[in-house]
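The values are calculated or read from the model by the stated rules, or taken from the named source; none is laboratory data. Predicted model, so just to flag it, every value in this text is computed and none were measured. Cβ placement follows ideal geometry from the backbone for every residue including glycine, while neighbour counts extend to all protein chains displayed.
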Amino acid sequence: MKTARYIFLLIGILILVFLFKTFGLQKTISQIISVGWGFLIIVSIFIFSHIFLTLGWKVLINHPVTFKTFRLLVLARIGGDSTSSINAFGSIAGEPLKAMYMKEHIPLQVGLASVVLDRTAHSLANALMFLTGIILSIFILKLPLHITAIALGFFLLTLIIIALIIQKQREGLLDFIISLVPSRFRKKLITDERRKKIEELDEEIKYIFSSKAHIHKFIISILLHYFAVTISCTLEIYLILYFLEIPFNIYHALFLYVFGLFLTSVMFFMPANLGTSEGSYSLALKLLGYDPSLGLTIGIVRRLRTFVWSIIGIIILMIAGLKKNE
């Protein structure tokens, strides 16, 4: 896996080199500098995204959450999400970090169950974004019927996979995962104490599907994820082009974001989506009739914004670690 990561990293670098060579390094640097002070506004709008994503997490927590606890939830969200800038698997590692950050205020089992459900809600929100992109492409690009059918097929496949995961969550997700482990390893790894904790965690995950009221909370979480990410990322792309003084409308900005999300999701194995993110924006801009070189600029500015929030998240985790040591 380490060798594969280096290979994909090299491929990503080569894609970036190709894009720079095609569009010109000097032109891209000039465009990035032209964004200027607007970069601070672009970075700032994501505090609202983090707050609404935290609200989407909060409604899934089977424990009282005070205003003080909610503020800590926002910090935990930023800290945990800071790992997602590394690669697709980094975001998975960041989920338990959120629960661990909050364990003094929310029982660890409850926290772990909530981040599992939060990740599921986020995945469903992404599926809705794909559907949004498909509908937009029909009106904006007038794609051939077979291309639209393929896109809808991918959307349905995504929904089926998520539906299967939710079904396993209702039955006992962790118990199912453990059942896949060969028995000789399972007997060594799963003690009676661990088995009890696993059962408790499964019960916490199941609670969200135990009544209509709880299912409504899950739906609210999905909608909060959908609107928080869609609005903030669409606005980010629109503002980048606005500060570059490029005439652009909000529907094209939304399509650009969803198109990039789709391609980077398909190529999730690329470390930090290196090259694939920038390339997807360039391709989408070309399809829309804009200068494709702007895709490289958009990708790098978005990457710089992610880097800023990652630094903030790492600082939050470091401060939490120092306080714990004290």
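Residues being touching a residue at least 60 places away in the same chain (Cβ under 8 Å) and not in a helix (DSSP H, G or I): count how many of those fall in segment 5-44.
Qualifying residue count for the region: 2.
Quick check, is residue 47 loosely packed, with under 15 Cβ neighbours inside 10 Å, part of a helix (DSSP H, G or I) and either in contact (Cβ under 8 Å) with a residue 12 or more places away in the chain or out of contact with any Asp or Glu (no Cβ under 9 Å at 6 or more places or on another chain) (or both)?
Spelling it out, residue 47 is indeed loosely packed, with under 15 Cβ neighbours inside 10 Å, part of a helix (DSSP H, G or I) and either in contact (Cβ under 8 Å) with a residue 12 or more places away in the chain or out of contact with any Asp or Glu (no Cβ under 9 Å at 6 or more places or on another chain) (or both).
Given the conditions (1) modelled with pLDDT of 85 or more; (2) part of a helix (DSSP H, G or I), which single one is not true for residue 90?
(1)
Of all residues in segment 234-252, which are within 18 Å of the chain's Cα centre (by Cα) and among the aliphatic types (A, V, I, L, M)?
Correct list: 235, 237.
Which ones in segment 281-319 are crowded, with 23+ Cβ neighbours inside 10 Å and touching a Phe, Trp or Tyr at 6+ places or on another chain (Cβ under 6 Å)?
284, 295, 296, 298, 299
For residue 237, indicate whether it is buried (at least 16 other Cβ atoms within 10 Å of the Cβ) and either out of contact with any strand residue (DSSP E or B) (no Cβ under 8 Å at 6 or more places or on another chain) or assigned to a helix (DSSP H, G or I) (or both).
It is true that residue 237 is buried (at least 16 other Cβ atoms within 10 Å of the Cβ) and either out of contact with any strand residue (DSSP E or B) (no Cβ under 8 Å at 6 or more places or on another chain) or assigned to a helix (DSSP H, G or I) (or both).
Return the residues of segment 95-105 that are under 27 Å from residue 167 (Cβ atoms) and either modelled with pLDDT of 90 or more or surrounded by fewer than 19 Cβ atoms within 10 Å (Cβ to Cβ) (or both); say none if nothing qualifies.
Of everything in segment 95-105, just one residue is under 27 Å from residue 167 (Cβ atoms) and either modelled with pLDDT of 90 or more or surrounded by fewer than 19 Cβ atoms within 10 Å (Cβ to Cβ) (or both), namely 96.
Only one of these is more than 26 Å from residue 54 (Cα to Cα), at pLDDT below 85 and not acidic (Asp, Glu): 269, 262, 248. Name it.
269
With respect to the numbered conditions (1) within 16 Å of residue 224 (Cα to Cα); (2) at pLDDT 90 or above, which one is the sole condition not fulfilled by residue 113?
(1)
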